[in-house]
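Trainee: Have a look at the structure that comes next, please.
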Amino acid sequence: MSSLSRRTALLAATAALTSLTATACGFGGADGAGSTDAHGKTVVRIAYQAIPNADLVVKNQRLLEKALPDVSVKWVKFDSGGDVNTAVIAGSVDLGLAGSSPVTKGLSAPLNIPYKVLWIHDLIGDNEALVARKGIGSVKELAGRKVATPFGSTSHYSLLAALKSAGVPADKVEVLDLQPQDALAAWKRGDIDAAYVWTPTLDELTKDGKVLTTSREVGEAGRPTADLGIVTNAFADTHPEIVTAWLKAQDQAVTQAKSDPAKAAASIGKELNISPADAERQLGQLVLLTAREQTGPDHLGRPGAPGRLAAHLRDAATFLKGQKAVDAVAPLTAFQQALAVKELSRAAG
């Protein structure tokens, strides 16, 4: 893609966020380094999604606000990681959650978003799945059918991986770009034959549909996915104390989810407007890691010893390049440099 077309793509992405930036960017900070509000407080704008992990515990229990009373914390909800990327490009997000597939796209050409990965919110398991109408018994039978998934998301990546594994060319399936709630509405109208989405929408689809595969199974077959925490390079450099507090709040929430899942689920249930029991069940479908665990070689790693997450992201980039979803695959060192191991190590102790 030429520099002109890349610029056009970025401008289009910014325009798509006009309504959001009118709200979120009212605080300035278009350079990605944060800003101050009318009261002189530093503002941190955090992207979150309706995913039943510890990030919602941090939000609901105001763990970050309690740790940073002199900082104005603004939580902004998004429907997918692709939308989070667009918000970062538009300069309206400092920190946030996005799936490993959109993060891979963000770190790859043509986007080349100046951000880095500083947290693994969860390793995706049975909470993302491909559900088809009863009568469709396998992924192979999706040829010639309509399948919905949010483009650029981990679900989209897993869907393409599942199709390839089943020997179904992607161009033989009509893949529709629909956010989870829109996919559910299309399902109810009978407009689609299948959907690859995450909870809580996934639970609605399985009431009268059949699970063909899950992201846990796709991951075990060699295409693992995760929900990742990202921070813009500028914000990380300008506000290291906020980044450290955010990491410690996430670690506190993960520790609570592991030691007292009922308490964590109560907070998650409030955020998702579901029962604590449903929230605890959905929470159990994910693999959560503490800060110390994430500094291990299988994950983000430590300064001087970046973890295997970098290789997983590069593998995803190679796959996405084959699907023409990215323009080029960066060298492994580029993905290693995108791991915020210094920041994580500082918070993990």
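The values are calculated or read from the model by the stated rules, or taken from the named source; none is laboratory data. This structure is a prediction, so every number in the text was calculated from the model and none was measured. Here the Cβ is made from the backbone with ideal geometry for all residues, glycine too, and neighbour counts use every protein chain on show. For the accessible areas, the whole protein counts, side chains as well, though only heavy atoms, and no ligand, DNA or RNA atoms are used. Shrake-Rupley method; radii C 1.70, N 1.55, O 1.52, S 1.80 Å.
Trainee: Given contacts defined as C-alpha pairs under 8 Å and at least six residues apart, what's the relative contact order of the chain, whole-number percent?
Mentor: After rounding, I find 23 percent.
Trainee: I'd like the FRET efficiency for D37 and V287, computed as 1/(1 + (r/R0)^6) with the beta carbon distance as r and R0 of 51 Å, rounded to 0.05.
Mentor: Computed FRET efficiency for D37 and V287 comes out at 0.90.
Trainee: Describe numerically, in nm with one decimal, the distance between label points set 7 Å from Cα along Cα→Cβ at T206 and at K164.
Mentor: Those two pseudo-labels are separated by 2.6 nm.
Trainee: Sort out for me the Cα centre separation of the stretch 277-349 from the stretch 192-254, rounded to whole Å.
Mentor: 12 Å
Trainee: Could you work out Rg/(2.2 N^0.38 Å) for the stretch 91-134, with Rg from alpha carbons only?
Mentor: Taking N as the residue count of the stretch 91-134, the ratio is 1.50.
Trainee: With each run of n ≥ 4 DSSP H residues scored as -39500 (n - 2.57), what mean residue ellipticity at 222 nm is computed for the chain after dividing by its residue count and rounding to the nearest 500 deg cm²/dmol?
Mentor: Working: 18 runs with 161 residues, N = 349.
It lands at -13000 deg cm²/dmol.
Trainee: Which residue fluctuates most in the GNM of the chain (Cα springs below 10 Å): H299, H39, H239?
Mentor: H39
Trainee: On average, how much accessible surface per residue is there in the chain, in Å², for a 1.4 Å probe, leaving out ligands, DNA and RNA?
Mentor: Roughly 41 Å² per residue, with all protein chains present.
Trainee: Moving to a separate point now. Could you tell me which trypsin sites (Lys or Arg not before Pro) in the stretch 241-283 are loop residues by DSSP with no more than 11 other beta carbons within 10 angstrom of their beta carbon?
Mentor: Counting only loop positions with at most 11 other Cβ atoms within 10 Å, none of the trypsin sites (Lys or Arg not before Pro) in the stretch 241-283 qualifies.
Trainee: Between R302 and residues 5 or more places away or on another chain, which pairs have amide H atoms under 5 Å apart, with H built 1.01 Å from N, and which residues are they?
Mentor: Long-range HN contacts for R302: G307.
Trainee: Provide the gained length on full extension for the span D237 to A311, in nm with one decimal, where the gain is 0.36 nm per separating residue minus the Cα-Cα distance.
Mentor: Taking D237 through A311 to full extension adds about 24.2 nm, to one decimal.
Trainee: I would also like to ask the following. Give a quick list of trypsin sites (Lys or Arg not before Pro) in the stretch 153-246 that DSSP marks as loop, anything other than H, G, I, E or B, with at most 11 other Cβ atoms within 10 Å.
Mentor: In loop regions of the stretch 153-246 (DSSP not H, G, I, E or B), the sparsely surrounded trypsin sites (Lys or Arg not before Pro) are K207.
Trainee: Same structure, new question: Normalised by the number of residues in the stretch 181-292, what is the relative contact order in percent for Cα pairs under 8 Å and 6+ residues apart?
Mentor: 16 percent
Trainee: Let me ask something else. May I ask you to give the percent of accessible area on the stretch 226-299 that is carbon plus sulfur, with a probe radius of 1.4 Å?
Mentor: Carbon and sulfur atoms account for 51 percent of the accessible area of the stretch 226-299.
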